[in-house]
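Working notes, beginning with the structure itself.
The values are calculated or read from the model by the stated rules, or taken from the named source; none is laboratory data. Everything quoted here is computed from the prediction, not taken from an experiment. Neighbour counts are summed over all protein chains in view; Cβ atoms, including those assigned to glycine, are modelled from backbone coordinates with ideal geometry.
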Amino acid sequence: MATLLFACAFGNTQAQETEKSFIRENMEFAAKQYHLMMKTPAQGKERKGLMPHSMRKDGTVSKGSIYLWTSGFFPGSLWYLSDFLGDKPLQDSALVYTRYMEPVKTFTDNHDIGFMMYCSYGNANRFAPKAAYNDILIESAKSLCTRFSPVTGVIKSWNSWRSWNDETRFEYPVIIDNMMNLELLFAASRISGDDTYKNVAVSHALKTSKYHIRKDGSFYHIAMYDPKTGDFIKGETSQGYSDNSAWSRGQGWAIYGFTVVYRETGDKRFLATAEKAADYYINHPNLPADKVAWWDFNAHQEGFTPGIRSNARKLTANYRDASAAALVASALFELSGYVKGKKSELYLETAKKILHSLGSEKYRAKLGENANFIIMHCTGAIPQNSEIDVPLTYADYYFIEALHRYNKILNHEPLF
Ligand code: GLY
């Protein structure tokens, strides 16, 4: 495991107290919104166990099945909130929503089980551990490993991918988001004492750090591999503006994912990749002053052209993605503890700036609005013409996680 070193870059005690009040106010607000969310009556024939996902055009909450990639975020947010606030009823709710997730442990249709099970059961095991959770997490890791091939050395994200540009279909697509599933594998090895899971994670991260990253520190969204030889074929996008652009949430997944792999392995190659990814985000000339990125760093720029079937071709306006910013903030709080001096300060200051932007009225909803989600102005998938300028459950999750981490840093407590 890598060691976290937090130099004391927080100014005076008064400044620290102000920051703590900011964190508490945001956590209390989030808990109020989520209490309202949980009181929302079920609509029509809505089944139990659906998870808050986003907002419909009529302003009501849209929910998703436990098999949707975002299912673990709502229970995960409840775990963080209940831990911070010491709120027992909220913890009971976290438990209820987490239990809905158990059937997902055998899910193998795509790579997303790490998001789903680690945000729910991973947090449950952290804040209120039970032996049964260990088995669930190990089984989930086993399910994820069914998508690993020793030939390619990576976990297959989707069963296939059809290019936006033409009819070409690729049989072994790996998306940068997949870095986020590796935390589950490290946990499974720690719990079981079996390094198989961890070895899969390291293999995946090594190959991703070789082929997914571009020279400038930006990332392809999708890397295509040949399943027979394991060779890298090419990079494309699904949710970004164009194949050669930098989709901002993908950049966030890279910063966060490589930071986790460095945490778990102590291997400096992963730290270097995390830093490159972070430096790209922070230093980009198109990053707005509030540090909340546009949905793609290259949208509408010369030299970047969406594929012929992509809805991004029709786009005239530009949109922020507050979900990308939230996850970058959370990652930077951790990453700032692995580097020293000015760089550490820069990462910490950027994370703080993002949190203050997201906590401002520009991005934070008013009580009872925004379908009771916390953060506004997120972008799901413009090429698919889906979830544009809406709340998204994962923006809330990473905002809350970032607040939780920041609080620990201010209190000189270990993050993990
Ligand atoms: N993992 C899917 C997304 O970031 O939209």
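Structure summary
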item: Looking only at the range 323-378, and only at residues there that are at positive phi and touching a strand residue (DSSP E or B) at 6+ places or on another chain (Cβ under 6 Å), the one that is nearest to the ligand (Cβ to nearest atom); result: HIS377
item: Those residues of the range 165-184 which are buried (at least 21 other Cβ atoms within 10 Å of the Cβ) and in contact with a strand residue (DSSP E or B) (Cβ under 9 Å, 6 or more places away or on another chain), in sequence order; result: TYR172, PRO173, VAL174, ILE175, ILE176, ASN178, ASN181, LEU182
item: Qualifying residue in the range 46-65 (condition: within 16 Å of the ligand (Cβ to nearest atom), out of contact with any Cys (no Cβ under 8 Å at 6 or more places or on another chain) and part of a loop (DSSP other than H, G, I, E, B)); result: yes
item: Residues of the range 191-217 satisfying the condition of being among the β-branched types (Val, Ile, Thr) and within 27 Å of TYR281 (Cβ to Cβ); result: VAL202, THR208, ILE213
item: Members of the range 379-393 found to be part of a loop (DSSP other than H, G, I, E, B) and either among the β-branched types (Val, Ile, Thr) or within 12 Å of the ligand (Cβ to nearest atom) (or both), listed by number; result: ILE382, PRO383, GLN384, LEU392
item: PHE270 on the phi < 0 side of the Ramachandran plot, out of contact with any Asp or Glu (no Cβ under 6 Å at 6 or more places or on another chain), within 16 Å of the ligand (Cβ to nearest atom) and not small (Gly, Ala, Ser); result: no
item: Candidates LEU367, LEU358, LEU327, filtered to the one that is surrounded by fewer than 19 Cβ atoms within 10 Å (Cβ to Cβ) and in contact with a helix residue (DSSP H, G or I) (Cβ under 8 Å, 6 or more places away or on another chain); result: LEU367
item: From the options ASP279, ASP290, ASP267, ASP231, residue that is more than 30 Å from LEU5 (Cα to Cα) and either charged (D, E, K, R) or modelled with pLDDT under 95 (or both); result: ASP231
item: One residue from SER310, SER336, SER330 being under 21 Å from ILE222 (Cα atoms) and either in contact with a His (Cβ under 6 Å, 6 or more places away or on another chain) or among the polar types (S, T, N, Q) (or both); result: SER310
item: Those residues of the range 30-69 which are aliphatic (A, V, I, L, M) and surrounded by 12 or more Cβ atoms within 10 Å (Cβ to Cβ), in sequence order; result: ALA30, ALA31, LEU36, MET37, MET38, LEU50, MET51, MET55, VAL61, ILE66, LEU68
item: Residue within the range 405-415 that is surrounded by fewer than 20 Cβ atoms within 10 Å (Cβ to Cβ), of a type in the set (A, V, I, L, M), over 19 Å from the mean Cα position of the chain (by Cα) and outside any loop (DSSP other than H, G, I, E, B) present; result: yes
item: Residue that is farthest from ALA299 (Cα to Cα) [pool: residues in the range 309-322 that are assigned to a helix (DSSP H, G or I), within 15 Å of the ligand (Cβ to nearest atom) and more than 12 Å from the chain's Cα centre (by Cα)]; result: ASN311
